[in-house]
Every structure is written in structure tokens, then in C-alpha cells.
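Written below as C-alpha cells is the structure these notes are about.
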């Protein structure tokens, strides 16, 4: 959790969403272990679903508090074209700029307000986004829908790998600053910001004021 600032107040009744499972839910399991809460994880890929299923065979005590949903978060309830890495089918992005050596796949996604309505959640205590470029659309949608989310942890991505170009890096830096400005205007304060350099991501921890 070194990139994040998580304020006190989480407990067994806290509602936490974690979008972008990939093949690593160590952060989610740490939250469960420390606070006894339930984490809802979201990822549309078969690889992530298989990864979670394998974990259930080895860590049943913690996984009892982990609910996996096989769809991604986005700005609408629809199927979306993803770029899936040829190196790992659990690594996907909606943004072509962020893809290196990939194939495409059409996968299901949901708008956050729709997910919360269907799961019966009127507010969230924590939302973590590691969604490879989809963070910009998701953040805009939750502000537009005036959702109450106490803490937002977001990994802002930029171009990476051998396809990195400074111009695209500047584009994503501008998008990141615009998103942070919108969040502050929407009532959030930045608790911690681990700024990116070049092709590295930026980690932002925000709390509703």
C-alpha cells in the first residue's frame, strides 16, 4: 500500500470496490485482513476470473470476503472493445495508446451508478481504480452522477513500453490534471499524490471533504 494514503475509519461494515483485478488482489486481501470488510472486485477477463478461482482453493478464509464480478467499470452499461496483451490475457486496456503487442476483444462493462444500484449500495467507503486508461471516463461518470464515495484511490496511466512517446505522455498528463481538478471541484481533497515521471503511472489518494 506504499503508493496510497488510506484514512482511518474503515471497519467490517465498510463497502469497498476494486476495479481492475488483473492477476493481483494483494491490496484487496490486505484490506480484508486488516478491517474484516468485504471487497467487490471487477474485471471482465476470463484470465482474471480464473486467477480468482485458483486463489479460492488456497486462501478460503480471506476469499470468503471477496466478491468477484466478471465485468469492467466504464461510463455506460455496454460491451466495449479492449486491447488485450499478447503477453498476458489478464492485462487489458480500453486505450489503444496504452497497448503494446495486443489483440482486441469485446467485453462487458457497467456504469458505476448501475452497479451500486443493483448491489444495493447507496454509498461507497472506498473505490480503487487500476483500469489502464478507463479511469478518466469512470471518474467523470461518478461526478456526473453525484455518487457519494468517501475515498478514491486511482492509478492514472500514461503511455509505456517501447511505444512511449513524449507527446502522448503530455496528453495523459493533461488528462490527469483535468481529472484531479474536476475531483477537487466535486468536493474531494488530495491526501497523497505520487507523481509520475516519463512513462510511469501516477497514484492519487483522494477523500471527500
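Nothing in this text is a laboratory measurement; each read-out follows from the coordinates by a stated rule. In this text, all values refer to a predicted model and were calculated from it rather than measured experimentally. Positions of Cβ are generated from backbone atoms using ideal geometry, with glycine treated the same way; all protein chains shown enter the neighbour counts.
Listing for the model above:
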item	result
Residue order, fewest to most beta carbons within 10 Å, for 190, 25, 6	190, 6, 25
Sorted by Cβ density within 10 Å, fewest first, the residues 175, 116, 207	175, 207, 116
Relative packing of 50-61, 131-142, which averages over residues the other C-beta atoms within 10 Å, highest first	131-142, 50-61
Whole-angstrom gap from region 99-150 to region 23-68, using each part's C-alpha centre	18 Å
Fewest-first ranking of 45, 104, using other Cβ atoms within 10 Å as the exposure measure	104, 45
Stretch gain in nm, segment residue 56-residue 13, where the contour uses 0.36 nm per residue and the Cα spacing is subtracted	13.3 nm
Length added when fully stretched, residue 145-residue 173, from 0.36 nm per residue minus Cα-Cα	7.6 nm
